[in-house]
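Student: This is the structure I have questions about; it appears just below.
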Amino acid sequence: GDADYVSAAEQWTDLDAFINSQPYLKENRGKYAERNGDRLAFEHGIDIKLMQDFFIEAGGRRHTLQITFDIFNFTNMLNNKWGRKYYTSHGQYELISHEGRAADGTTSEFTFEEPSGDIFYIDDSGLSSSRWQAQLGVRYIF
């Protein structure tokens, strides 16, 4: 036999276990999933800005040099498991696949493939990514 073959009964058992492991799916079993009904986990992030002004009086005017230091996603700097931002895009993971119709021509047939690992990915791009970032700024005010 085919080592990758999963029977319909095994697929149902896997799908049932998956539904029971997801709070939204478990609570809404047998109903249509609402648009945006199940969302990713709440994201926690803290940004820090340190700012210091240095000034002198010259020519009857105040000249200020402002130095700033920003740390974006400060919590991730403290611990790389904190401050993570997760995503999954439309069509990236297909929970149930429509395989066609049964011999009667009206009954749809589906397959379920149990996820191998987490179906969400960590966002590591851009300024609002899961990685901490820092920037130094200098401003002259006259």
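The values are calculated or read from the model by the stated rules, or taken from the named source; none is laboratory data. Remember, it's a predicted structure, so these values are computed and weren't measured experimentally. Reconstructed Cβ throughout: ideal geometry from the backbone, glycine too, with neighbour counts over all protein chains shown. Protein only, heavy atoms only, side chains kept; ligands, DNA and RNA dropped before computing areas. Shrake-Rupley method; radii C 1.70, N 1.55, O 1.52, S 1.80 Å.
Student: What's the number of the condition residue 66 fails, among (1) within 30 Å of residue 136 (Cα to Cα); (2) of a type outside the set (Ser, Thr, Tyr); (3) surrounded by 13 or more Cβ atoms within 10 Å (Cβ to Cβ); (4) touching a His at 6+ places or on another chain (Cβ under 9 Å)?
Tutor: Checking residue 66 against (1) within 30 Å of residue 136 (Cα to Cα); (2) of a type outside the set (Ser, Thr, Tyr); (3) surrounded by 13 or more Cβ atoms within 10 Å (Cβ to Cβ); (4) touching a His at 6+ places or on another chain (Cβ under 9 Å), the one that fails is (4).
Student: Additional query: Within segment 21-52, which residues are touching a residue at least 24 places away in the same chain (Cβ under 8 Å) and among the charged types (D, E, K, R)?
Tutor: 43, 47
Student: I would also like to ask the following. Which of the strands (runs of 3 or more DSSP E) found entirely inside segment 38-111 contain at least 3 residues meeting this: in contact with a Ser or Thr (Cβ under 8 Å, 6 or more places away or on another chain), of a type outside the set (Ser, Thr, Tyr) and within 21 Å of residue 127 (Cβ to Cβ)?
Tutor: 48-58
Student: Look at segment 22-32 and say how many of its residues are of a type outside the set (Phe, Trp, Tyr) and open to solvent by less than 70 Å² (accessible area, probe 1.4 Å).
Tutor: 3
Student: Residues being of a type in the set (Phe, Trp, Tyr) and not in a loop (DSSP other than H, G, I, E, B): count how many of those fall in segment 5-37.
Tutor: Summing the residues that are of a type in the set (Phe, Trp, Tyr) and not in a loop (DSSP other than H, G, I, E, B) in segment 5-37 gives 3.
Student: Would you check which residues across segment 39-63 are open to solvent by 80 Å² or more (accessible area, probe 1.4 Å) and touching a Leu at 6+ places or on another chain (Cβ under 8 Å) and list them?
Tutor: 54, 55
Student: Please pick out the residue among 117, 126 that is within 30 Å of residue 6 (Cβ to Cβ), modelled with pLDDT under 90 and outside any strand (DSSP E or B).
Tutor: 117
Student: I've got another one for you. Does residue 103 satisfy the condition of being open to solvent by 100 Å² or more (accessible area, probe 1.4 Å), over 22 Å from the mean Cα position of the chain (by Cα) and more than 26 Å from residue 132 (Cβ to Cβ)?
Tutor: Values: open to solvent by 100 Å² or more (accessible area, probe 1.4 Å): yes; over 22 Å from the mean Cα position of the chain (by Cα): yes; more than 26 Å from residue 132 (Cβ to Cβ): yes.
In short, yes.
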